[in-house]
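Have a look at the structure below, then the notes.
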Amino acid sequence: MRTPDAGQIRVYHRCGGCGKKREFVNTGKFRVNANGKNVDVWLIYRCVKCKHSWNLTIYERTRPGRIPAELFDAFQANDVEAAMAYGRRIDFLKKNHAELR
Ligand SMILES: [Zn+2]
């Protein structure tokens, strides 16, 4: 059976915790932060060595009304399927300067 995390792209990033380039893994969790009338949405990745977190931007200073309602609900509910879907998107990862291997 296919697991939700199947097909995750391996990503590497300089870790602010261990100070080295490390592999980071998708935690399956989002962070939504209200900023006045706008929201920021991130997907949280974590260093495999030291667990230092790295937030990858999904939406930046965006009116919640501009985000599809179903998707916004998924962010707020930490929907694992939605999180893993982002982890399979090269465009999203590249936009966040992830090194892909
Ligand atoms: Zn680290």
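Miscellaneous remarks
- Tally of residues being at negative phi and surrounded by fewer than 16 Cβ atoms within 10 Å (Cβ to Cβ) across segment 32-50: 8
- Enumeration of residues in segment 26-47 that are within 16 Å of the ligand (Cβ to nearest atom) and touching a Lys or Arg at 6+ places or on another chain (Cβ under 6 Å): T27, I44, C47
- Taken over segment 1-25, the residue count meeting the criterion of being within 16 Å of the ligand (Cβ to nearest atom), of a type outside the set (D, E, K, R) and in contact (Cβ under 8 Å) with a residue 40 or more places away in the chain is 4.
- Residue in segment 57-67 that is within 16 Å of the ligand (Cβ to nearest atom) and buried (at least 16 other Cβ atoms within 10 Å of the Cβ) present: no
- Taken as a whole, segment 72-85 holds no residue that is loosely packed, with under 15 Cβ neighbours inside 10 Å, over 16 Å from the mean Cα position of the chain (by Cα) and not in a helix (DSSP H, G or I).
- Among the numbered conditions (1) at pLDDT 95 or above; (2) in a loop (DSSP other than H, G, I, E, B), the only one that A6 does not meet is (1).
The values are calculated or read from the model by the stated rules, or taken from the named source; none is laboratory data. A quick note: this is a predicted structure, and the numbers were derived from the prediction, not measured. A quick note on method: Cβ atoms are made from the backbone with ideal geometry, for glycine too, and the neighbour counts reach across all protein chains shown.
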